[in-house]
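Asks: Have a look at this one before I ask anything.
Just so it is clear, none of the values below were taken in a lab; they were calculated from the coordinates. In this text, all values refer to a predicted model and were calculated from it rather than measured experimentally. FYI the Cβ positions are ideal-geometry reconstructions off the backbone, even for glycines, and counts take in every protein chain you see.
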Amino acid sequence: MGKELKRGVEGLFLQEKPAKILILLKKENKPLYTAIISREINGTYAHTLNVLAELERLKLVSFKETGRIKLVNLTELGSEVARAIQDFIDLVSLAEAEAKIDQLYEREVKGRLREEVAKQRVSRELGRYKKNLEALTEKPPNVVLFAKKLIKKIDGIVAEVMGYPPA
C-alpha cells in the first residue's frame, strides 16, 4: 500500500465521523438515508455526504437510489471494518477502565489497613466497573479476554478490601 494512501486511510478512520458512520450502519443493520446518518452522528449533511463519498470510493459503503433519495448500505468489507473499529473502541475502553481501577486501588486501598478502607464505597465503585466490563463479554474473543482479566482483577481487589481469602 502506498504511503499516501495509507496516511489517507489512517487519517480517515482516526477521525470521529467516518468511524461513527460505519458503526451506525453496522448497528442499524439496514440501509439509511444520508440525512438520518448526518443527524445521528451530529454532522452536517454536506460533510456527511463527503465522508460517504470517500467511504464509497474505498468500497466500504454503497448507494442505492430510490427516486431522488439515496440509501446508504455497508458493503461486506465495510461491515468488517465497522466491526474492527468497534473492537478497537472496546479495547481502548478496557485500557481506560483498567487505569481507573488502578487509580482507585492506589487511592483507596493500597497500603491501608482493612479498617481504614471505605469498603462499601470502594465495592460499589468496583461493582459499577465490573457491570460495564461484563457487558463486553459478549464481544469478540480478544475483547472478552481482556474484559475477563479486568473482572478477575476487580474480584481480587474486592476480596482484599472485604478481607476474603485470595481466590
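Asks: To the nearest 10 degrees, how steep is helix 76-108 against the longest Cα principal axis of the chain, on a 0 to 90 scale?
Replies: 20 degrees
Asks: Report which label in [x] 65, 47, 28; [y] 70, 35, 26; [z] 52, 38, 34 holds the value of Cα extents along the principal axes in Å derived from the coordinates of this structure.
Replies: Looking at Cα extents along the principal axes in Å for this model, the match is [y].
Asks: Moving on. What nm value, rounded to one decimal, do you get for the distance between Glu106 and Lys30 when each label is placed 7 Å out toward the C-beta?
Replies: Result: 4.8 nm between the two label points.
Asks: Just to check I understand the Karplus step: with θ = phi - 60° and J = 6.51 cos²θ - 1.76 cosθ + 1.60, what whole-Hz values come out for the stretch 140-151, glycine and proline as x?
Replies: With the stated coefficients, the stretch 140-151 comes to x, x, 5, 6, 4, 4, 5, 4, 5, 4, 5, 4 Hz.
Asks: Can I ask one more? Test of understanding: ordering Phe88, Phe146 by Cβ neighbours within 10 Å, fewest first, what list do you get?
Replies: Phe88, Phe146
Asks: If I fit a long axis through the Cα atoms of helix 3-13 and take the longest principal axis of the Cα atoms of the chain, what angle between them do I get, 0 to 90°, rounded to 10?
Replies: With rounding to tens, the tilt is 70 degrees.
Asks: Could you name the aspartates and glutamates whose alpha carbon sits less than 19 Å from that of Lys149, not counting residues in the same chain fewer than 8 places away?
Replies: Asp87, Asp90, Glu96, Glu98, Asp102, Glu106, Glu125, Glu134, Glu138, Glu160
Asks: Helix 119-135: angle to the longest alpha-carbon principal axis of the chain, degrees 0 to 90, nearest 10?
Replies: Approximately 30 degrees, to the nearest 10.
Asks: Can you give me the P(r) profile for the stretch 74-167? Cα pairs, bins 10 angstrom wide beginning at 0, each as a whole percent.
Replies: Histogram of Cα-Cα distances, whole percents per bin: 16, 41, 25, 12, 5, 1.
Asks: Let me ask you something else. For a quick check: sort Ser38, Ser79 by the number of other beta carbons within 10 angstrom, fewest at the front.
Replies: Listing Ser38, Ser79 from fewest to most nearby Cβ atoms yields Ser79, Ser38.
Asks: Let's see if you can work this out: charge +1 on each Lys and Arg Cβ, -1 on each Asp and Glu Cβ, no other charges. What is the dipole magnitude of the stretch 86-162 about its Cα centre, in debye to the nearest 20?
Replies: 240 debye
Asks: Now a separate question. In a Gaussian network model over the chain where Cα atoms closer than 10 Å are linked, find which of Leu77, Leu91, Leu55 has the largest mean-square fluctuation.
Replies: Leu77
Asks: Rank these for me by crowding, Val144, Val72, Val117, going from fewest to most other beta carbons within 10 Å.
Replies: Lowest count first: Val144, Val117, Val72.
Asks: What size of dipole, in debye to the nearest 20, comes out for the chain about its Cα centre when the only charges are +1 on Lys and Arg C-beta atoms and -1 on Asp and Glu C-beta atoms?
Replies: Approximately 200 debye in magnitude.
Asks: As I understand it, the dipole of the chain uses +1 on the Cβ of Lys and Arg and -1 on the Cβ of Asp and Glu, about the Cα centre. Which of Ile41, Leu133, Leu14 lies farthest toward its positive end?
Replies: Sorting the options by dipole projection puts first Ile41.
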